[in-house]
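What follows is a single structure, written as structure tokens, with notes after it.
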Amino acid sequence: MPKTKALRDAQALSTTVERYDAINARIAKAVKTAGRNPDDVTLIAISKTYDADAIRPLLEHGHRYFGENRVQEAQEKWPALCEQFSDVSLHLVGQLQSNKAEDAVALFDAIHSLDRPSLVTAIAKAQEKLGRKPELFIQVNIGDEAQKGGCAVADLPNLIAQAREAGLEISGLMCIPPADLEAAPYFALLRKIANDHGIKKLSMGMSDDFETAVQTGATHVRVGSALFGARS
Ligand SMILES: *Cc1c(COP(=O)(O)O)cnc(C)c1O
């Protein structure tokens, strides 16, 4: 697989902390160009496949927002790290099975992958049972791609209505634009849809397109490989 520009840039810097500082500087520049407030953009370090030893330098450097895509992997890694760094904010960015909803609500501070009615029901039940309310983002299949997760754009109004009826507060929308196409139009579409529904937060932008996302209104960018290196 050819290396992306983001990965080549990442590999030119030798440590995760150096890459982190460089990514933050790029975010700051994009924020400034867009005339936005730096406090309105949160960098989520996506640490999936990386172990505690790879993550700890960033925690020691002061970073607190992390993302994982599997509940079980997060359960294995994070409780010990959170004992040492109690103010970590942990975000689930991967697909969530309904039977894992309770585990997810127990562990995560935010869930970015709410995408279907059965999951609304499962999360509402888990919140009630555990008395915990992670921040919720609905994942939107913004390019209407057959193989991609996320709620179809056409089904979104119903899902939002159902979530609100179940007592779930929807903080934001999340998307992963089609690979190999220009991301900006998809980010702009997600922003418009969120705006139409009175939803404030936008989880969009990854290693290759986080600056574009910031310029298009992202409040949360999810950066993995440009920070930790290529995943095997
Ligand atoms: C892995 C992952 C990311 C990070 O991807 P990179 O391209 O490595 O930055 C972001 N969002 C989701 C949903 C992911 O699964």
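The values are calculated or read from the model by the stated rules, or taken from the named source; none is laboratory data. Note that this is a predicted model, so its numbers are computed, not measured. Reconstructed Cβ throughout: ideal geometry from the backbone, glycine too, with neighbour counts over all protein chains shown. Surface accessibility is based on the protein's heavy atoms, side chains included, excluding ligands, DNA and RNA. Shrake-Rupley method; radii C 1.70, N 1.55, O 1.52, S 1.80 Å.
Taking segment 79-108 as the range and being within 16 Å of the ligand (Cβ to nearest atom), in contact with a strand residue (DSSP E or B) (Cβ under 7 Å, 6 or more places away or on another chain) and not small (Gly, Ala, Ser) as the test, the residues that pass are Leu90, His91, Leu92, Val93, Gln95, Leu96, Phe108. Condition first: farther than 16 Å from Gly205 by Cβ and aliphatic (A, V, I, L, M). Can you find one or more residues in segment 31-43 that meet it? Checked against the condition, which is being farther than 16 Å from Gly205 by Cβ and aliphatic (A, V, I, L, M), segment 31-43 yields no hits at all.
One residue alone among Ile142, Ile111 is more than 25 Å from Leu59 (Cβ to Cβ) and aliphatic (A, V, I, L, M), and that residue is Ile142. Ile111 meets each of the listed conditions (1) among the β-branched types (Val, Ile, Thr); (2) free of Cβ contacts under 8 Å to residues at least 40 places away in the same chain; (3) farther than 18 Å from Ile44 by Cβ apart from (3).
Can you tell me which residues in segment 44-68 are of a type outside the set (D, E, K, R), open to solvent by 30 Å² or more (accessible area, probe 1.4 Å) and within 16 Å of the ligand (Cβ to nearest atom)? Answer for segment 44-68, where residues must be of a type outside the set (D, E, K, R), open to solvent by 30 Å² or more (accessible area, probe 1.4 Å) and within 16 Å of the ligand (Cβ to nearest atom): Thr49, Tyr50, Tyr65. Inside segment 183-224, residues that are within 16 Å of the ligand (Cβ to nearest atom), farther than 25 Å from Pro157 by Cα and open to solvent by 20 Å² or more (accessible area, probe 1.4 Å) make up a count of 5. Among the criteria (1) outside any strand (DSSP E or B); (2) within 27 Å of Ala183 (Cα to Cα); (3) within 16 Å of the ligand (Cβ to nearest atom), the one Ala154 does not fulfil is (3).
Within segment 159-176, not a single residue is within 12 Å of the ligand (Cβ to nearest atom), touching a helix residue (DSSP H, G or I) at 6+ places or on another chain (Cβ under 7 Å), under 29 Å from Tyr20 (Cα atoms) and open to solvent by 40 Å² or more (accessible area, probe 1.4 Å). Do we find a residue being closer than 21 Å to Asp109 by Cα and in a loop (DSSP other than H, G, I, E, B) anywhere in segment 6-14? No, the conditions are met nowhere in segment 6-14. Against the numbered list (1) open to solvent by 60 Å² or more (accessible area, probe 1.4 Å); (2) under 24 Å from Asp209 (Cα atoms), Ser86 comes up short only at (2).
Residues that are crowded, with 21+ Cβ neighbours inside 10 Å and more than 25 Å from Trp78 (Cα to Cα) do not occur anywhere in segment 121-139. Residues of segment 23-43 that are surrounded by fewer than 18 Cβ atoms within 10 Å (Cβ to Cβ), farther than 23 Å from Ile111 by Cβ and either acidic (Asp, Glu) or more than 16 Å from the ligand (Cβ to nearest atom) (or both): Ala25, Ala28, Lys29, Lys32, Thr33, Ala34, Gly35, Arg36, Asn37, Pro38. Highlighted here are the helices (runs of 4 or more DSSP H) found entirely within segment 45-150 that include at least 2 residues which are farther than 17 Å from Arg222 by Cα and under 19 Å from the mean Cα position of the chain (by Cα): 71-84, 101-107, 117-130. Within segment 171-184, residues that are under 28 Å from Pro134 (Cβ atoms) reach partners that are away from the ligand (no atom under 12 Å from the Cβ) and of a type in the set (S, T, N, Q) with beta carbons closer than 7 Å, at six or more positions or on different chains, in the pairs Gly172/Thr219; Ala183/Thr212.
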